[in-house]
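Right, one structure below, let's go through it.
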Amino acid sequence: MTQPVPMTELWRGPLLESLHLGHAVICDDSGQIVQSWGDPNAVIYPRSSAKMIQGLPLVTSGAAAKYGLNSEHLALACASHIGAHIHTDRVTAWLDHLGLTEHDLRCGPQEPQDMAARDGLILADDTPCQIHNNCSGKHCGFLTVTQHMGAGPEYLEIDHPVQQACLSALEETTGETSPAYGIDGCSAPNFATTLVGLARSMAWFASAAGRSDRASDAAAQLTAAMIKHPELVAGESKACTELMRAMNGRAAIKTGAEAVYVAILPEKRMGIALKITDGTTRASECAIAALLVHLGVLEAEHPATRTFMNAVQYSRRGLECGVIRPSPRFPG
């Protein structure tokens, strides 16, 4: 099958109001497909779901050890954070540790999603800066590798050693040659891959603790950091944070823009990748929750699960008006 399949439905009253189609793949630690929906060979931009892969050179190069980075730094390197103080304070301290400032970042300014941080900027008559960018932790990782390598400051250029290291990491863990790249929202190159390649990479991360090479050790460290610090990977009320907490260490999950989601399941030595074709995040959050329930690592009735899957929708007055749920044949 090469066509996307129904994955998430939004019902309002007796009518199916919206239907979201997509592709999804589960791979095992041999890189083989365990189960798939739609087209496993669909070529996508992984967007921010690839941050763990982009974080591999931070550890494998020796930069993380040289600069004394801990699990909080590694979690931030994989994060799409909401710009809360727990994120921006740590990013600022990381830059200070490197002897750098916000001006050395190349991710661009972004208004924080965290309401307290946003209100604080308004009250102070201040404006958002690059530290508030949801990718600032990843960019601190890039800067750390750049300093370690003694490379030039324009670390986002496609031929920069940092980006070439990220490309090598993607191709090695997916087992594929990337056919193209685009520019992500944070201005970094984002290398395309197939959905099955991305799931294969996540399964490689999931089985990393059972291997002894440098790259596998790096993957295990990054996965453990995400699981240990779910609040740094995204933020309060966000699906990545809330669902990781609900799974109590059984999986690391990561969203990417335009409705991409991945999951690393160490105890099952499996990886998941999915893409909702219309780019709707609410649909990808429901779909990843459904797959995690399907694989037995997330409880269907956990309050966090019910926030994103089989989730009642309310009117502004608090009246029940609909529900967002997996499509009947997905993922069963």
Log10 I(q)/I(0) at q = 0.26, 0.28 Å⁻¹ for segment 268-326, from Debye over equal alpha-carbon scatterers, is -1.09, -1.16
Taking springs between alpha-carbon atoms closer than 10 angstrom, which of Ser201, Ser80, Ser178 fluctuates most in the Gaussian network model of the chain?
Ser178
Wrap a convex hull around the Cα atoms of segment 140-242, take a quarter of its surface area, and give that in square nanometres.
7.6
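Sort Arg200, Arg214 by accessible area with a 1.4 Å probe, largest first.
On the way: Arg200 65, Arg214 165 Å².
Accessible-area ranking of Arg200, Arg214, largest first: Arg214, Arg200.
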Taking the Cα centre as origin and putting +1 on Lys and Arg beta-carbons and -1 on Asp and Glu beta-carbons, what dipole magnitude results for the chain, to the nearest 20 debye?
800
What is the distance, in nm, between label points placed 7 Å from the Cα along the Cα-to-Cβ direction at Val323 and at Ala180?
4.0
Compactness index (Cα Rg / 2.2 N^0.38 Å), segment 7-63:
1.71
Over segment 92-174: Kirkwood hydrodynamic radius from C-alpha pairwise inverse distances, Å:
14.1
What spacing in nm lies between the two simple spin-label points modelled at Arg306 and Glu154, each 7 Å away from Cα in the Cβ direction?
5.4
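With Cβ to Cβ distances under 14 Å as the rule, what net charge do the other residues near Pro46 carry (K, R +1; D, E -1)?
On the way: positive: Arg47, Lys51, Lys138, Arg200, Lys254, Lys275; negative: Glu171, Glu176, Asp184, Glu258.
Net local charge, Pro46 excluded: +2.
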When the helices in the chain are scored as -39500 (n - 2.57) per DSSP H run of 4 or longer and the sum is shared across all residues, what 222 nm value do you end up with, to the nearest 500 deg cm²/dmol?
-11500 deg cm²/dmol
Any chance you could get the radius of gyration and Dmax over the Cα atoms of segment 209-332, in Å?
15.2, 56
Once phi is turned into ³J(HN,Hα) by the Karplus curve 6.51 cos²θ - 1.76 cosθ + 1.60 with θ = phi - 60°, what whole-Hz value does each residue of segment 40-53 show in order, with x for glycine and proline?
x, 9, 4, 8, 9, 8, x, 6, 6, 5, 8, 4, 5, 5
Choice from Thr92, Thr127, Thr277 showing the highest fluctuation, given a GNM over the chain with Cα pairs closer than 10 Å:
Thr127
Quick one: what are the phi-derived ³J(HN,Hα) couplings along segment 83-96, Karplus 6.51/-1.76/1.60 with θ = phi - 60°, whole Hz, x for glycine and proline?
x, 6, 4, 5, 8, 5, 5, 6, 5, 4, 5, 5, 4, 4
With the 8 Å Cα cutoff and a minimum separation of six or more residues, the chain has a relative contact order in percent of 24
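Can you send over the carbon and sulfur percentage of the accessible area for the chain, probe radius 1.4 Å, protein chains only?
Values: 7030 of 13740 Å².
The computed percentage sits at 51.
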Simple spin-label estimate for Trp11/Tyr314, 7 Å along Cα→Cβ, in nm, reads 2.0
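Return the loop-located trypsin sites (Lys or Arg not before Pro) in segment 229-332 (DSSP other than H, G, I, E, B) with at most 12 other Cβ atoms within 10 Å of their own Cβ; answer none if there are none. Write out the running numbers ahead of the final one.
Details: sites: Lys238, Arg245, Arg250, Lys254, Lys268, Arg269, Lys275, Arg282, Arg306, Arg316, Arg317, Arg329; in loops: Lys238, Arg250, Lys268, Arg269, Arg316, Arg317, Arg329.
For trypsin sites (Lys or Arg not before Pro) across segment 229-332 that sit outside H, G, I, E and B with at most 12 neighbouring Cβ atoms in 10 Å, the list reads Arg316, Arg317, Arg329.
Kindly flag which residue pairs out of Lys66/Lys238; Lys66/Lys138; Lys66/Lys275; Lys66/Lys254; Lys51/Lys268 have an alpha-carbon separation exceeding 25 Å in this structure.
Over 25 Å Cα-Cα: Lys66/Lys238; Lys66/Lys275; Lys66/Lys254.
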List the residues whose amide H sits under 5 Å from the amide H of Val34, counting only those 5 or more places along or on another chain, with H placed 1.01 Å from N in the peptide plane.
Ile26, Cys27, Asp28
For segment 162-172, just list the computed ³J(HN,Hα) in residue order, Karplus coefficients 6.51, -1.76 and 1.60, θ = phi - 60°, integers in Hz, with x standing in for Gly and Pro.
5, 5, 5, 5, 5, 4, 4, 5, 5, 5, 5
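Kirkwood-based Rg over Rh for segment 38-77 (C-alpha set), two decimals? Walk me through the numbers before you get to the answer.
Numbers: Rg = 13.9 Å, Rh = 11.8 Å.
With Rg and the Kirkwood Rh in hand, the quotient comes to 1.17.
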Neighbourhood charge, 9 Å Cβ-Cβ cut-off, centred on Leu76 and excluding it, Lys, Arg +1 and Asp, Glu -1:
+1
Met115 accessible area, nearest 10 Å², 1.4 Å probe?
110
If you rank Val312, Val43, Val196 by how much accessible surface each has, with a 1.4 Å probe, what is the order from largest down?
Val43, Val312, Val196
Could you give the distance between the Cα centres of segment 283-313 and segment 157-191, to the whole Å?
31
Low-density loop chymotrypsin sites (Phe, Trp or Tyr not before Pro), segment 152-229, at most 16 other Cβ within 10 Å, DSSP non-H/G/I/E/B, are none
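Step by step: find N for segment 30-116, compute 2.2 N^0.38 Å, then divide the Cα radius of gyration by it. What's the final number? Mind showing how you got there, number by number?
Numbers: Rg = 16.6 Å, N = 87, 2.2 N^0.38 = 12.0 Å.
It is 1.39.
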Hey, what angle do you get for helix 195-206 against the long axis of the chain, alpha-carbon based, 0 to 90 degrees rounded to 10?
70
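Computed over the Cα atoms of the chain, what is the ratio Rg over Rh, Rh following Kirkwood?
Values: Rg = 19.2 Å, Rh = 19.9 Å.
Here Rg/Rh amounts to 0.96.
The values are calculated or read from the model by the stated rules, or taken from the named source; none is laboratory data. Note that the structure is predicted; figures quoted are calculated from it, not measured. In this analysis, Cβ positions are derived from the backbone assuming ideal geometry, glycine residues included, and neighbour counts consider all displayed protein chains. Side chains are part of the model used for accessible areas, which takes the heavy atoms of the whole protein and leaves out ligands, DNA and RNA. Shrake-Rupley method; radii C 1.70, N 1.55, O 1.52, S 1.80 Å.
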